[in-house]
Structure formats: C-alpha cells, structure tokens
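For reference, the structure is listed below as structure tokens.
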Amino acid sequence: MFKKIILIAGFAILSLSSFAQETSFGVTAGYLNSIYSVKDEVYNYNLSESGYYVGAFLDISLNESLSLVPGVNYSNSHDSNMLYVPLMLKYSIADSGFYLQGGPQASIIFDEERVRHNQDFGIDLGFGLGYNINEHFFVEAKYYHEVTNRFKDHELHMSNDLKEGINSLMIGVGYKF
C-alpha cells in the first residue's frame, strides 16, 4: 500500500510541476517536539520528547499566491527515528512575506521497539505559518495531528478502544535554491 501511495504522489507531483509557473528546491531543519499519546476509556497518557529534523522540499508554484509543497523530513527525538512525508498547500498572504500551510503528511517509524505492537505507518493532518525573510531564507512552524490509530496488537489490551498516536510540532528555518 505504501508503494502505491508513493507512486500516486510522485505522479501527481510530476503532473502538477508540468503546469507550474515556477518550481524551486530547498532544505529545512529545526526543532521537533513529538507528543506520544495513548488513550482508552479510562487511561490517558502523554509523553513529550524533543529532538531535531532535517529535510528537503519542492515548492511548486500554482499561481501568484498558491503553491504545492511536497517534502521529506528525517527526525530524531529521544533515540526515536522517523520519516515524515508532507504534502502541503501553501497560501502566500499578498506581499507581506507571511504564508499559511495545510495538508496531509505520512509518518513512518523506523524503531523496532516502537513498531513491535504498533503500526509503523501513520497519516497526519497539518497546518502552519511561515515568513519569508528574503528570496532564499524563511522561518516556519507547523503542527501535525495524527488521525490514524497506531496501536495494532489488541490481544495485549482488554479494550478495543485503545488509541495511540504521535502529534508533532516543527519549528525551523529553511533555504530555497
């Protein structure tokens, strides 16, 4: 299934880039705060871990104020390794330098310890705000809320209502080439 998603996303990006007015490539890095949550009808546990992320992205201009921004980010927080693959729609607010973002993100866990009783693949919904400092440099903050339930081993838990997820806050800087 993951291969199909990547194939469809790749085809969509290539199709959209052929209609795009301008496409730029960039890199980004910054602070990551991952919030791991486990909930059922009586239990609610949250663990917050700090770390970093580094990544690359394309900024595919659709018109003066809209662009599609696919990317890939590697993250590490408290010895937990993940890959994030966002597909954000970016709206630039006139000539202010500010922009808003929103869209889905795939998240993949690489740690065997965390994946033993959990799904390694999740889908998040994200939104963010950014500011273009100049033509090349920008700062941004994005928050992603996981909509999938990562818990998969219901034989270990009496209730089928157990839900587990990872929400993420990313604050960073970037450079467009």
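Points worth noting:
- Residue check for Tyr91: part of a strand (DSSP E or B) and either open to solvent by 40 Å² or more (accessible area, probe 1.4 Å) or of a type in the set (Asp, Glu) (or both): yes
- Criterion: among the hydrophobic types (A, V, I, L, M, F, W, C), within 15 Å of Ser34 (Cα to Cα) and either at pLDDT below 85 or touching a helix residue (DSSP H, G or I) at 6+ places or on another chain (Cβ under 8 Å) (or both) - qualifying residue of Ile60, Ile109, Ile123: Ile109
- Only residues that are out of contact with any strand residue (DSSP E or B) (no Cβ under 6 Å at 6 or more places or on another chain) and closer than 12 Å to Gly126 by Cα were counted in the range 70-103, giving 0.
- Positions within the range 21-80 being open to solvent by less than 60 Å² (accessible area, probe 1.4 Å), of a type outside the set (S, T, N, Q) and not in a strand (DSSP E or B), in sequence order: Asp40
- Failed criterion for Val85 (all others in (1) modelled with pLDDT under 95; (2) of a type in the set (Val, Ile, Thr); (3) part of a strand (DSSP E or B) hold): (1)
The values are calculated or read from the model by the stated rules, or taken from the named source; none is laboratory data. Just so it is clear, the model here is predicted, and its values are computed rather than measured. Glycine gets a Cβ as well: all are built from the backbone with ideal geometry, and neighbour counts include every protein chain shown. Accessible surface is based on the protein model in full, side chains and every heavy atom, while ligands, DNA and RNA are left aside. Shrake-Rupley method; radii C 1.70, N 1.55, O 1.52, S 1.80 Å.
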